[in-house]
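Written out below as structure tokens is the structure these notes cover.
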2 protein chains.
Amino acid sequence: MAFRLTILGTSSALPTSDRYPTAHVLNVHERLYLIDCGEGTQMQMRRYRIRFGRINHIFISHLHGDHFFGLYPLLSTFNLMGRKTPMHVYAPAPSEELITRHLKDFDINLAYELVVHTLSGKTLRPVLDDKRVEVFSFPLKHRVKSYGFLFREKTPDRNIIRDKIAEFNLTIAEIARLKKGEDVNREGGEVIMAVEVTLKPRKPVSYAFCSDTGWFPKLATYVRGVDLLYHEATFSDESEALAARTGHSTARHAATVALDAGAGRLILGHFSARYKSPAILEEEARQVFPAAEAAIEGATYDIG
Amino acid sequence: MAFRLTILGTSSALPTSDRYPTAHVLNVHERLYLIDCGEGTQMQMRRYRIRFGRINHIFISHLHGDHFFGLYPLLSTFNLMGRKTPMHVYAPAPSEELITRHLKDFDINLAYELVVHTLSGKTLRPVLDDKRVEVFSFPLKHRVKSYGFLFREKTPDRNIIRDKIAEFNLTIAEIARLKKGEDVNREGGEVIMAVEVTLKPRKPVSYAFCSDTGWFPKLATYVRGVDLLYHEATFSDESEALAARTGHSTARHAATVALDAGAGRLILGHFSARYKSPAILEEEARQVFPAAEAAIEGATYDIG
């Protein structure tokens, strides 16, 4: 059962010759959740063999081009590929208006339903609840309205003890109920207890995405105990004033959030073009939170 | 003195893992003219070492995403790079309105002047005349208003005969005038005739860009005698009906235009994703016009 993240872009607003703008793909049991969609996201998806048809949900943190410019062409590509399944986009206002107008201006008639969910709220707020995952948005502090996202895996099924299948002559239907933790009442009064024939499921895992934001103390509370935290780290310590002015974080800020939240692991990204290598950012973050690393484009991170 | 074309994208509307959407860069004596700007154009520009600062003119054939989606992020990148020089965009209506609205919606305040020139007209029409080149637009036949572009090099300077410099003791200013073909009248009545001390300049060269279009007989007259013709070739013969329906050309159509125009050489592009290799398109074009070849991304073509 997969719960893993692929990073498609690590640049901030100005892409470089080896960094694309922000886009993440979270694979939750082979359903893909796309998070932010900078220019060239669809090219990166092809490069790293992300399956277009497995995406039904796109999360956009804020309406700055390096997080959004790839959305219009991607929606068009889904259309040209013959998509019929509805696509859900979660984004701040006025995304729905912008997208609708753009499709009209560019002569794009979608053959699939596009559902735009407008993000809002001043605290952690549920935005999606499906079979695999619950997703929450939470407010960030940037120059425009910006949201982070928390993905929590649904509690996995309990694991059936193999020997018990024969011992109790369990049917497929019974196994399914037992894995959900439900006891089975058979005709004649026999009760098969889930705790007897199954083992505790593994702990559900979680991922949080902190897009463009300045540091603020409450942020850590939104992502408390997350297994993998992605946090933007546009600048190093020496540009802390610039970070504050532009609504961005330093690597040290990102690490402080990870530390305060008790995160398992921290991935840094959204690097300013001024850093040819993100080594300095990784180093400064590790001084605060040792399990920090600079994101690598195309790399996949197993969570939990 | 350069007059050469670099192809940054060869795909049609649906990019593939090895084809980017349309964008061409014409280098005229080290000034660059960008023609169409599909998604990822700025990434391709970096990959193929196109110098951003040498572009002052961008030509957009029509308002379909695969020719336009890269423009918004490119304008933003110019801004982030500190551009101060005006940028001229030549595009069909309502480009100016779309761009202005987009910049506002995405919180982009350009520090340079953006001048949008609206294309129009039912025949060959001058759109730019600078020191190096004259550019004309001409109408194509597509599902939306679409324009081709003809780039004609200004007549190059005559070549000074080296020995004559000493013989007549020519000054720098005199040489400059003679190279323009102007005679020099010296004090005391001496006349130095340009034809005596210079050689005829080489023939000026030309490039034409025929973006998305169905075939029509008049098209060849707009590009009469062009040295290098680029023409879209979305489909092969077997999809001629589809080409007609979608306002596109087959490779054979493109070759027919090249033949009728008396072009020197033909480059095909805008290949449908259905063709893993454009070999079949090249082959069909060559049956009509032997000097035809499928464009290669990143390749540079010397003209003249």
Using beta carbons and a limit of 6 Å, which pairs, at least six apart or on different chains, have the first residue in segment A:189-202 and in contact (Cβ under 8 Å) with a residue 60 or more places away in the chain and the second one outside any strand (DSSP E or B)?
-> A:202/A:156
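Yes or no, residue by residue, for (1) under 23 Å from residue A:27 (Cβ atoms); (2) in contact (Cβ under 8 Å) with a residue 40 or more places away in the chain; (3) not aromatic (Phe, Trp, Tyr):
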site: A:68; (1), (2), (3): yes, no, no
site: A:84; (1), (2), (3): yes, no, yes
site: A:90; (1), (2), (3): yes, yes, no
site: A:129; (1), (2), (3): yes, no, yes
Being part of a loop (DSSP other than H, G, I, E, B), surrounded by fewer than 24 Cβ atoms within 10 Å (Cβ to Cβ), within 12 Å of another protein chain (Cβ to nearest Cβ) and touching a Leu at 6+ places or on another chain (Cβ under 8 Å), is that true of even one residue in segment B:25-39?
-> no
Counting just the residues of segment B:80-115 that are at the interface with chain A (Cβ under 7 Å from one of its Cβ atoms) and assigned to a helix (DSSP H, G or I), which one comes out nearest to residue B:143 (Cα to Cα)?
-> B:98
Of all residues in segment B:1-24 being of a type in the set (A, V, I, L, M) and more than 9 Å from chain A (Cβ to nearest Cβ), which is surrounded by the fewest Cβ atoms within 10 Å (Cβ to Cβ)?
-> B:1
Could you tell me which of the residues B:257, B:226 is assigned to a loop (DSSP other than H, G, I, E, B) and within 23 Å of residue B:9 (Cβ to Cβ)?
-> B:226
Could you list, in sequence order, the residues of segment A:204-217 that are touching a strand residue (DSSP E or B) at 6+ places or on another chain (Cβ under 9 Å) and surrounded by fewer than 19 Cβ atoms within 10 Å (Cβ to Cβ)?
-> A:204
Test each condition in (1) assigned to a helix (DSSP H, G or I); (2) not assigned by TED's automatic domain parsing to the domain that holds residue A:27 for residue A:221 and report the one that comes out false.
-> (2)
Given the structure, is residue A:286 farther than 27 Å from residue A:122 by Cβ and in a helix (DSSP H, G or I)?
-> yes
Of the residues in segment B:8-24, those that are closer than 23 Å to residue A:52 by Cα, in a strand (DSSP E or B) and not hydroxyl-bearing (Ser, Thr, Tyr) number 2
Does residue A:146 meet the test of being over 23 Å from residue A:3 (Cα atoms), among the hydroxyl-bearing types (Ser, Thr, Tyr) and within 14 Å of chain B (Cβ to nearest Cβ)?
-> yes
Read through the list (1) at the interface with chain B (Cβ under 9 Å from one of its Cβ atoms); (2) over 18 Å from residue A:8 (Cα atoms), then give the number of the only condition that residue A:65 fails.
-> (2)
Would segment A:180-193 turn up any residue that is surrounded by 13 or more Cβ atoms within 10 Å (Cβ to Cβ), touching a helix residue (DSSP H, G or I) at 6+ places or on another chain (Cβ under 7 Å), of a type outside the set (D, E, K, R) and not in a strand (DSSP E or B)?
-> yes
Test set (1) exposed (fewer than 15 other Cβ atoms within 10 Å of the Cβ); (2) within 14 Å of chain A (Cβ to nearest Cβ) - residue B:77 fails condition number = (1)
So which residues in segment A:279-293 are surrounded by fewer than 23 Cβ atoms within 10 Å (Cβ to Cβ) and either more than 23 Å from residue A:152 (Cα to Cα) or not assigned by TED's automatic domain parsing to the domain that holds residue A:236 (or both)?
-> A:279, A:280, A:282, A:283, A:284, A:286, A:287, A:288, A:290
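The values are calculated or read from the model by the stated rules, or taken from the named source; none is laboratory data. Bear in mind the structure is a predicted one, so any value in this text is a computation, not a measurement. Reconstructed Cβ throughout: ideal geometry from the backbone, glycine too, with neighbour counts over all protein chains shown.
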